[in-house]
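Worksheet for the structure shown next.
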Amino acid sequence: MPLPSSLTDFTLADARDAVHGKKVTSKELTTAFVKAVAEARPLNAFVTETPEKALEMAVAADVRIAHGQARPLEGLPLAIKDLFCTKGVKTTAGSAILGNFVPPYESTVTQNLWDAGAVMLGKTNMDEFAMGSSNETSAFGPVFNPWRARNSNQNLVPGGSSGGSAAAVSGHLCLAATGTDTGGSIRQPAAVTGTVGLKPTYGRCSRWGIVAFASSLDQAGPMTRTVRDAAILLTHMASVDPKDSTSLDVPIPDYEAGLESGVKGLRIGIPKEYRIDGAPPEIDDLWNKGAEWLKAMGAEIVEVSLPHTKYALPTYYIVAPAEASSNLARYDGVRFGHRAKGARDITDLYERSRAEGFGKEVQRRIMVGTHVLSSGYYDAYYARAQKLRTLIARDFDEAFKRCDVLLTPATPGPAFGIGEKTTDPKEMYLNDVFTVTVNLAGLPGISVPAGLTAGGLPLGLQFIGKAFDEATILRAARAIETASGFDAKPSPWWRAA
Amino acid sequence: MSVDKDTVRRIAKLSRIALDEARVAPMVDELNGIFAWVQQLNEVDVTGVAPMTSVVEQRLKMRDDVVTDGDAADALMANAPEGEDHFFVVPKVVE
Amino acid sequence: MSKTIKGTTGAWEIVIGMEVHAQILSQSKLFSGAATAFGAAPNSQVSFVDAGMPGMLPVINRKCVEQAVRTGLGLKARINLSSVFDRKNYFYPDLPQGYQISQYKNPIVGEGEVFIDLKDGETVRVGIERLHMEQDAGKSLHDQHPDSSYVDLNRSGIALMEIVTKPHMRSSEEAAAFLRKLRAIVRYLGTCDGNMDEGSMRADVNVSVCRVGGYEKFRADGDFKHLGTRCEIKNVNSMRFVALAVEYEARRQVDILEDGGKIDQETRLYDSKVNETRAMRSKEEAHDYRYFPDPDLLPLVLDQAWVDAIAASLPELPDEKKARLIKAGLSAMTPPSWWRRRRAPTISRR
């Protein structure tokens, strides 16, 4: 295997082989990424850089490799979304309310990664408490997408909420990154940054130590440059965790193993309700092209129906804020995080700490959530939304009687400009129209880059799988990756900036 | 089921978020925009449909009754805005 | 002791219901592995779960579930094989998560009964409405500093059983007798040590008064309109205070009603130093707890076989002991003395 011209061009899989094969040391590789991260500060992809920690971990990894004790991800530098609590390293969730919170504990997912030998480059920027689809709600400023349209200097959003992780992967600032996905927060940013993002089955990755947004929807997953890398990273993020009551008691397969099995004989469902009015024709065209590629590779295309699709977004915008309003009650200025100065009494302390610490979108969602749970409104909003969830999940059950995976667009459009969609919150919410159904039903979904718009911006396709069946969506995504031959890269304009 | 200014003030109070009077009217509009939009769920007949309680189909995990945690007062207090002698300190609460 | 209070305008009846919080005897907390021992140094028995730190998640203690079922069986109650944990949302400095995990619509134990023995030899049946599991809150100390309250979370997350009676008690004597009997039952079962001075058993006492005959009508048709407006006296922590608080509160209500006033439904505190109840000052806005099923937990589903095994392991309880002793020829004159001597159970610490 030839080394790439730059160490930061390695895929996770190739870096693993090179480092474990002693062609490159972890220190060399990590140093290259530390440099790339520092050079990319104009992107604002990281909230906290941890170069010393990275090099320390890299050196320790090299020692293990020299002693023949390499673990599966030994010496491979990753970026971590700042929603994962990291022991001794500031964790913000993109919010001012966490202030200088330094967790005295490590999330299960990141602990799994360190136990597998991975190296931490830093914590990535994100929408505040993962509430957003453009990374513009972060208390630490927006992240810029490494991609720009052809012949344009306009800064675009990287999607959200895992916008910093998506930008870091897309801009080759790390080998891979972790993300979390509550309504599309892995898959949507992956799609608009030309990267691969996988949301596993709910419960596949432990939520322990991940700052909660909406507990019944939140799920961690990998963000990578290739489908193989997503398979590798997921294998080492996932675990059966006795500390999370909703973590699945189901063994974790080796996702890399079946990746190249192809799609011959696979039944691909095309849900007709995902053709939406007003979507740019490029979205439908790419979707049709994806189906043709799969058909050409021997898959069977089946039209299916998910009749309650149009209700998914409004259902989500009841359930997620309701859970968030309760999950975010702990940010009260008493035990950690921001506390308002000079409070008259305890209520004043709560009200001002929270008004000062939470950004606008978070405050809005807490208020929506408080209202839909309050006396007299619970049945009309929350209870009804949970019934809709049952119907949405049932739609998928029906569809999966006729197919093995579903193919859909990942987003209703490519990356948009900073500030373009911040006036009406509902307009922003529509970015998750294709991804949110999956969270409501707890299913796995993957976004894979499949082409470029006429303006030269990446677009993705999404596969949705049956519960527990990440293996099949990875296999299907790998097939699309092969067929599309997608290898476009953003030009590193930020280095000149 | 739209909200008015008083309802918004009540929601803010319940949420423990200080809402300047100047922000009340815009918040009424923002919330009503969202509530009007989610009203479309009323089109669906949900008679006899059970609300989803969990997307995970498995038994609730149970732990054994052993002490495995705690005894970490220093770590617990490390992020506290105000503390004394391992107590969290808040403005006087009247019962 | 009489079940009626004489007023200037005629006689009144007292009606009492109770919500008893009993600390489940266990080594570790309901949803975390922190210890439950009484009297530890501040915040020394607190896991990050109990402190509501970001990303922390609850995992239920099997022993606590077993203890709740055992208590339900001891109360001759229906065990619900499926129950649900809900979040009760409110802000308070000793409630770290901003919500209490409790059981609202679907408790683990349904209706049961307790028989109480009065001094005159009469036996009264007190219906149990339900028993549910919930987390205790921490403790706020208000007397350490002139301008500040100090918060200790050692109690936060300790497992409680909330045992709710029907309004079946009619006098201060019955109220105290009920609590005494309940304490004996949980001590026999080994599910709670019943030590009221350590706070491991606390009673919220609901008191109302109505004209004579109102209670009979209520028992006949179950309609609460026959009863008066009730006041809840919070956290009464001894048998004696329960009796005193009921006496005081009933008299207070009668006096108001006879002066042509009306009773406000409110929460009151019993002050044992001056032997009176007073309205709590921190009423502020009406509570709206926004209960909803806790998405961090799944429904609690039990196997009938597991419940049966617990049932088979129950010890002899006070009523059975009494029946056995009577059958053996002992007099039934002073029944409580047979079982009251039973010492508080403890749980062995490893």
Out of C:Val65, C:Val49, which single residue is of a type in the set (Val, Ile, Thr) and not in a loop (DSSP other than H, G, I, E, B)? C:Val65
Tally, over region A:337-373, of residues that are at the interface with chain B (Cβ under 7 Å from one of its Cβ atoms), closer than 27 Å to B:Pro51 by Cβ and either in contact (Cβ under 8 Å) with a residue 40 or more places away in the chain or of a type in the set (Ser, Thr, Tyr) (or both): 5
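Right, A:Lys81: within 21 Å of the chain's Cα centre (by Cα) and either over 22 Å from A:Ser185 (Cα atoms) or surrounded by 17 or more Cβ atoms within 10 Å (Cβ to Cβ) (or both) or not?
Against the criterion (within 21 Å of the chain's Cα centre (by Cα) and either over 22 Å from A:Ser185 (Cα atoms) or surrounded by 17 or more Cβ atoms within 10 Å (Cβ to Cβ) (or both)), A:Lys81 qualifies.
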All positions within region A:445-497 that are surrounded by fewer than 24 Cβ atoms within 10 Å (Cβ to Cβ), in a helix (DSSP H, G or I) and not aliphatic (A, V, I, L, M): A:Thr472, A:Glu481, A:Thr482, A:Ser484, A:Trp493, A:Trp494, A:Arg495
Count, please, the residues in region C:1-29 that happen to be outside any loop (DSSP other than H, G, I, E, B) and either touching a residue at least 40 places away in the same chain (Cβ under 8 Å) or under 23 Å from the mean Cα position of the chain (by Cα) (or both). 18
Quick one: would you say B:Val93 is more than 7 Å from chain A (Cβ to nearest Cβ), touching a His at 6+ places or on another chain (Cβ under 8 Å) and farther than 23 Å from C:Ser32 by Cα? no
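Given the condition of a type outside the set (A, V, I, L, M, F, W, C) and closer than 24 Å to B:Val55 by Cβ, answer yes or no: does some residue in region A:445-454 qualify?
Scanning region A:445-454, I find at least one residue that is of a type outside the set (A, V, I, L, M, F, W, C) and closer than 24 Å to B:Val55 by Cβ, so the answer is yes.
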Examine region A:423-435 for a residue that is buried (at least 19 other Cβ atoms within 10 Å of the Cβ), at pLDDT 95 or above and not hydroxyl-bearing (Ser, Thr, Tyr), and state whether such a residue exists. yes
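Listed here are the residues, each with its yes/no results for (1) crowded, with 19+ Cβ neighbours inside 10 Å; (2) more than 25 Å from the chain's Cα centre (by Cα); (3) not small (Gly, Ala, Ser).
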{"position": "A:Pro4", "(1), (2), (3)": "no, yes, yes"}
{"position": "A:Asp9", "(1), (2), (3)": "no, no, yes"}
{"position": "A:Leu12", "(1), (2), (3)": "yes, no, yes"}
{"position": "A:Ala18", "(1), (2), (3)": "yes, yes, no"}
{"position": "A:Gly21", "(1), (2), (3)": "no, yes, no"}
{"position": "A:Ala32", "(1), (2), (3)": "no, no, no"}
{"position": "A:Ala36", "(1), (2), (3)": "yes, no, no"}
{"position": "A:Arg41", "(1), (2), (3)": "no, no, yes"}
In region B:1-12, the residues that are surrounded by 15 or more Cβ atoms within 10 Å (Cβ to Cβ), facing chain A (nearest Cβ under 8 Å) and either part of a loop (DSSP other than H, G, I, E, B) or not β-branched (Val, Ile, Thr) (or both): B:Val3, B:Ala12
Flag if C:Lys234 is surrounded by fewer than 19 Cβ atoms within 10 Å (Cβ to Cβ) and under 21 Å from C:Met169 (Cα atoms): yes
Mind checking whether some residue in region B:25-45 is more than 8 Å from chain A (Cβ to nearest Cβ), part of a loop (DSSP other than H, G, I, E, B) and at pLDDT 95 or above? yes
Sole residue being surrounded by fewer than 24 Cβ atoms within 10 Å (Cβ to Cβ), touching a Gly at 6+ places or on another chain (Cβ under 9 Å) and in a loop (DSSP other than H, G, I, E, B), chosen from A:Gly94, A:Gly99: A:Gly99
Restricting to region A:209-237, count the residues that are touching a Cys at 6+ places or on another chain (Cβ under 9 Å) and closer than 24 Å to A:Arg389 by Cβ. 5
Conditions (1) modelled with pLDDT under 90; (2) under 25 Å from the mean Cα position of the chain (by Cα); (3) loosely packed, with under 15 Cβ neighbours inside 10 Å; number of the one not met by C:Lys321: (3)
With closer than 30 Å to A:Gln363 by Cα, touching a residue at least 40 places away in the same chain (Cβ under 8 Å) and of a type in the set (Phe, Trp, Tyr) as the only criterion, which of A:Phe10, A:Phe33, A:Phe46 stands out? A:Phe46
Going through region A:318-336 one residue at a time, which ones are touching a residue at least 24 places away in the same chain (Cβ under 8 Å) and either surrounded by fewer than 24 Cβ atoms within 10 Å (Cβ to Cβ) or closer than 30 Å to A:Ala383 by Cα (or both)? A:Ile318, A:Val319, A:Ala320, A:Pro321, A:Ala322, A:Glu323, A:Ala324, A:Ser325, A:Ser326, A:Asn327, A:Leu328, A:Tyr331
Over region A:395-425, the set of residues among the basic types (Lys, Arg) and out of contact with any helix residue (DSSP H, G or I) (no Cβ under 9 Å at 6 or more places or on another chain) is A:Lys401, A:Arg402
Complete set of residues in region B:63-83 that are more than 8 Å from chain A (Cβ to nearest Cβ), buried (at least 17 other Cβ atoms within 10 Å of the Cβ) and in contact with a helix residue (DSSP H, G or I) (Cβ under 7 Å, 6 or more places away or on another chain): B:Asp65, B:Gly83
Does C:Glu66 satisfy the criteria of being crowded, with 21+ Cβ neighbours inside 10 Å, within 13 Å of chain B (Cβ to nearest Cβ) and touching a residue at least 12 places away in the same chain (Cβ under 8 Å)? yes
Within region A:398-424, how many residues are under 16 Å from A:Leu313 (Cα atoms) and over 20 Å from the mean Cα position of the chain (by Cα)? 1
The helices (runs of 4 or more DSSP H) lying entirely within region A:108-208 that contain at least 1 residues which are aromatic (Phe, Trp, Tyr) and out of contact with any strand residue (DSSP E or B) (no Cβ under 6 Å at 6 or more places or on another chain) are A:108-115
Report yes if A:Ser215 is within 11 Å of chain C (Cβ to nearest Cβ) and surrounded by fewer than 24 Cβ atoms within 10 Å (Cβ to Cβ), otherwise no. yes
Pairs needed: first member in region C:30-51, closer than 15 Å to B:Thr68 by Cα and facing another protein chain (nearest Cβ under 9 Å); second member anywhere, among the aromatic types (Phe, Trp, Tyr) and surrounded by 23 or more Cβ atoms within 10 Å (Cβ to Cβ); C-beta distance under 7 Å; at least 6 residues apart or different chains. C:Val49/C:Phe31
Any hit, region A:436-449, residues being at pLDDT below 95 and more than 11 Å from every other protein chain (Cβ to nearest Cβ): no
Of (1) touching a helix residue (DSSP H, G or I) at 6+ places or on another chain (Cβ under 9 Å); (2) away from chain A (no Cβ under 11 Å); (3) within 30 Å of B:Glu82 (Cα to Cα), C:Tyr99 satisfies every one except (2)
Within region B:46-62, how many residues are in contact with a Ser or Thr (Cβ under 8 Å, 6 or more places away or on another chain) and more than 7 Å from every other protein chain (Cβ to nearest Cβ)? 0
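The values are calculated or read from the model by the stated rules, or taken from the named source; none is laboratory data. Please read all numbers here as calculations on a predicted model, not as lab measurements. Neighbour counts run over all protein chains shown; Cβ positions are idealised from the backbone, glycine included.
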